[in-house]
Amino acid sequence: MCGRFYLDAPDELVLSYFGLDEGIHLQPRYNIAPSQDVAIVRAAAQARELAYLRWGLVPAWSREEKTRYSMINTRADTIADKPSYREPFRKRRCLVPASGFYEWRKMSHGKQPHRIGRADNGIMALAGLWEHWEGEGKSVDSCSIIVTEANDCIRPVHDRMPVILDPDQFDAWLNPDNGDAETLKAMLQPYPGEAMSYWPVSTMVNSPANDDPRNIQPVDITAIN
């Protein structure tokens, strides 16, 4: 799964990597958690736009704004079949900019958080879905991050990972008129393991209240084990 990530890339890099035309200012965030607003990229009338959506998808047909189920992640293998995700998968796909994400590995001393990202520390585009909900006199735009099976690099830490797309896939993924489910599903593959890396980080990241660049710094766990 992907239950926590961070984004500290410069604005200029986000603009160029995601093909955004408008000026933006993204505050560095080192502990982005479910239910918070997250920056996403989606198709707009004339170009791509950056918007802030609540992390945790609320289906359009839901009677309530808050659902009983955790919808922060969408499994790639069932995305075209589950009622909550079927329609967004057809028409409302997005990208979630991230510098890296966190997973917790079971170790002898307990669950150890790890920072995971590209081996070159480059920015990543996590594949996602978004949805619009209206009710109770208000509206909410929300999103979910798509996960697939882990690659060889990440499997020792966790058995699933977010889907990471390359820039040459962005147009096809974001185009709401692209309804070719099989072509879209074919994109939802594990990112190459040789292009990724991970390292243990401080347990500070366990609390979403700790939004601090120290969250991504490597720590020595040999003294703990």
Counted residues in region 130-150 being touching a His at 6+ places or on another chain (Cβ under 7 Å) and closer than 20 Å to ILE164 by Cα come to 1
Subset of region 210-225 (residues that are of a type in the set (A, V, I, L, M, F, W, C) and either within 19 Å of the chain's Cα centre (by Cα) or surrounded by 15 or more Cβ atoms within 10 Å (Cβ to Cβ) (or both)) | ILE216, VAL219, ILE221
Could you list, in sequence order, the residues of region 182-225 that are in contact with a helix residue (DSSP H, G or I) (Cβ under 9 Å, 6 or more places away or on another chain), assigned to a loop (DSSP other than H, G, I, E, B) and under 23 Å from ASP159 (Cβ atoms)?
-> MET187
Within region 40-87, work out how many residues are in contact with a Cys (Cβ under 9 Å, 6 or more places away or on another chain), more than 20 Å from VAL14 (Cα to Cα) and among the β-branched types (Val, Ile, Thr).
-> 1
Yes/no for SER35 being without any contact (Cβ under 8 Å) to a residue 60 or more places away in the chain and within 21 Å of ILE72 (Cα to Cα) = yes
Name the one entry in ALA9, ALA44, ALA51 that is under 28 Å from ASP159 (Cα atoms), surrounded by 12 or more Cβ atoms within 10 Å (Cβ to Cβ) and not polar (S, T, N, Q).
-> ALA9
Candidates ASP168, ASP211 - the one that is of a type outside the set (S, T, N, Q) and farther than 24 Å from ARG4 by Cα | ASP168
Contacts under 6 angstrom Cβ, first residue in region 54-75 being buried (at least 18 other Cβ atoms within 10 Å of the Cβ) and modelled with pLDDT of 90 or more, partner assigned to a strand (DSSP E or B) and acidic (Asp, Glu), 6 or more apart = ARG54/ASP37; LEU57/GLU131
Filtering region 163-188 down to residues that are in contact (Cβ under 8 Å) with a residue 60 or more places away in the chain and of a type outside the set (Phe, Trp, Tyr) yields VAL163, LEU165, PRO167, LEU174, ASN175, PRO176, GLY179, ALA181, LEU184, LYS185, MET187, LEU188
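The values are calculated or read from the model by the stated rules, or taken from the named source; none is laboratory data. Nothing here was measured: the structure is a model prediction, and the numbers come from that model. Ideal geometry is used to build each Cβ from the backbone, glycine not excepted, and the neighbour counts take in all protein chains shown.
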